[in-house]
Amino acid sequence: MIRKEAKAHWVYTYNLCNVLAAYPDQFRAIERQQRHERSGSHEANAMGAVLRAAAKPIAEAFRQLGLAWGDLTATMTNAANAMQGSYALVPPPNIPHDPALRLDHRKWGGR
């Protein structure tokens with residue numbers, strides 16, 4: 001959530017991922033929000049929240065089947081930890097695969 005707290009004081013907060021950032025203008029706060037939402041940690045935290053929310057009904061179903069709660073929580077914890085370290089969610093760098101195109105400094109050579 002982006003909000004204006006004072007003159008030249010815009011704050012971006014996201015409680016699920018514990019992100020709190022203050023900027024002098026709204027544009028930088030919006031950029032921070034977009035950068036965070038594209039990051040892999042944001043998606044991993046969202047998946048972890050979904051897994052934690054789904055754990056209670058699944059645990060009840062397993063308990064009715066007679067399976068141990070400890071096995072389920074260990075499995076869910078391992079799944080959440082695997083999502084935290086997942087690099088498959090990070091988008092690839094914006095560079096071409098063809099080396100000839102990388103030599104074109106008008107587009108790929110930097111400033």
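The values are calculated or read from the model by the stated rules, or taken from the named source; none is laboratory data. Quick caveat, the model's predicted, so the values are computed rather than measured. Please note: Cβ atoms are built from the backbone with ideal geometry, for glycine as well, and neighbour counts cover all protein chains shown. Calculation scope for accessible area: heavy atoms of the full protein, side chains included, ligands and nucleic acids excluded. Shrake-Rupley method; radii C 1.70, N 1.55, O 1.52, S 1.80 Å.
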>> Tell me the accessible surface of residue 16 in square angstrom (1.4 angstrom probe, heavy atoms of protein chains only), to the nearest ten.
In response: 80 Å²
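For the pair residue 63 and residue 37, what calculated FRET efficiency results from E = 1/(1 + (r/R0)^6), where r is the Cβ-Cβ distance and R0 = 41 Å, to the nearest 0.05?
Numbers: r = 36 Å, r/R0 = 0.88.
So the FRET efficiency works out to roughly 0.70.
May I ask for the net charge around residue 9, where only other residues with Cβ less than 10 Å from the Cβ of residue 9 are counted and Lys, Arg are +1 while Asp, Glu are -1?
Working: positive: 3, 4, 7; negative: 5, 25.
With Lys, Arg at +1 and Asp, Glu at -1, the net is +1.
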> Residues of the range 1-17 with amide nitrogen under 13 Å from the 7 Å Cα-to-Cβ point of residue 28?
Replying inline: 8-12
